[in-house]
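Bear in mind these aren't lab numbers, they're just calculated from the coordinates by the rules spelled out. It should be emphasised that the depicted structure is a prediction, and the values quoted were computed from it without experimental measurement.
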Amino acid sequence: MRMSAVAAFALALGLILVNFTRQCHAALQVGYYKDKCMLKDVEGIVFSAVARRFDKDPTIAAALIRLHFHDCFVNGCDASILLDGNSSEKTAPPNRSVRGYDVIDEAKGEVEKACKGVVSCADIIAMAARDAVALSGGGRYSVETGRRDGFVSLASNVDLPSPSFSVSQSVDAFAKKGLDPTDMVLLLGGHTVGVAHCSLFQDRLYNFQNSGEPDPTMDLSLLRKLKSICPQNSPADRSVDLDQNPLSSLTVDNSFYKQIILKRGILQIDQELAFDPLTNGTVASIATSNDFPAKFGQAMVKLGAVDVLTGSQGEIRKSCGVTNSYPNFLHF
């Protein structure tokens with residue numbers, strides 16, 4: 001059989017297996033690896049890898065949270081975003097600025113030394129995101145594990161919600177993943193430690209909705225500041241904090257919500273959360289309470305259960321960048 005035919009067959013088989021097996025999910029569980037690696041602390045090993053990087057670069061927290069979100073929103077939480085290939089998810093435009101792959105690879109390498117062939121890359125992503133939240137002051141929630149890794153990673157499958165979506169469009173996108181509007185508001189609260197490049201919001205500064213004017217909902221002092229950072233037609237694509245409270249831009253807390261209520265949201269979707277009737281009540285509630293870290297953890301757990309592979313589905317990859325069964329099919 002010619003190599004191209006083998007590759008096409010592998011891809012088709014992978015798609016069939018994924019579509020069939022995801023009709024029913026075995027339950028994920030907290031402490032899944034407790035009795036599977038003798039006395040090895042799998043979650044502790046992953047935490048150590050994340051903490052080492054965080055100590056050098058606290059911005060890695062936002063990257064790992066984003067990595068988890070981008071993985072789960074495409075094909076479910078199956079580590080498909082980690083697979084290499086000329087047309088894999090990594091190559092899709094929304095994923096070209098995703099980072100943190102090396103942290104997952106380092107954690108996987110350490111876990112394999114301690115517990116070979118047992119821990120999935122998908123679970124490592126979920127654990128690493130939790131650890132990033134905890135290291136950023138958001139509290140340590142319990143991660144459910146037991147995921148297995150998928151076979152399929154195609155850029156053409158990447159259909160993430162756009163920062164320019166309306167609230168209703170975003171609600172629809174999240175609903176397709178089994179996530180309700182409250183989940184959406186909480187998960188977008190991950191922007192409390194994130195950044196955005198000028199290209200993602202420059203229209204709000206100069207030509208909002210083709211009006212030739214700035215977005216009238218933006219605080220004027222913020223508008224002036226952002227125009228100085230993001231000059232019109234500048235070739236540079238600089239970045240700014242999504243939480244405009246400089247004392248809190250690296251902390252997982254409710255400051256982001258307080259800022260968008262003050263019309264200091266950076267992305268269009270973030271700002272609209274504060275004023276749209278579908279979400280403004282939830283935003284106000286989070287902004288005036290102290291339970292955001294706990295609720296964010298609950299939403300992350302719910303996100304982490306989207307379309308998972310468990311039991312005998314999928315595989316446990318030896319290396320997160322390639323599948324065990326068809327290591328070359330993404331490269332032709």
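For K40, the aspartates and glutamates whose Cα comes closer than 20 Å to its Cα, not counting residues fewer than 8 places off in the same chain, are D105, E106, E110, E112, D123, D131, E144. Taking amide H atoms as placed 1.01 Å from N in the peptide plane, the amide H of T145 lies under 5 Å from those of Q29, V30, G31, Y32, each 5 or more residues away in sequence or on another chain.
Of all the options E106, E272, E315, the one that moves most in a Gaussian network model of the chain with Cα springs shorter than 10 angstrom is E106.
Scanning residues 5 or more positions from L309 or on other chains, those with amide H under 5 Å from its amide H are R148, with H placed 1.01 Å from N in the peptide plane.
Filter the DSSP H helices in the chain by two things, a Kyte-Doolittle mean of at least 0.0 and an axial alpha-carbon span of 15 angstrom or more, and list the hits by number. Span-like helices in the chain: 3-21, 42-56, 60-72, 121-135, 292-303. Treating each Cα of the chain as an identical point scatterer and summing with the Debye formula, the log10 of I(q)/I(0) at q = 0.07, 0.10, 0.16 Å⁻¹ comes to -0.29, -0.60, -1.37. Judged by the gyration tensor of its Cα atoms, with axes a ≥ b ≥ c, the stretch 217-332 is oblate; a/c meets the 1.5 cut and b/c is at least as large as a/b. Need the list of lysines near K302 for cross-linking: C-alpha distance under 25 angstrom, and skip anything on the same chain fewer than eight residues off. Reachable lysines: K34, K36, K90, K108, K176, K177, K258.
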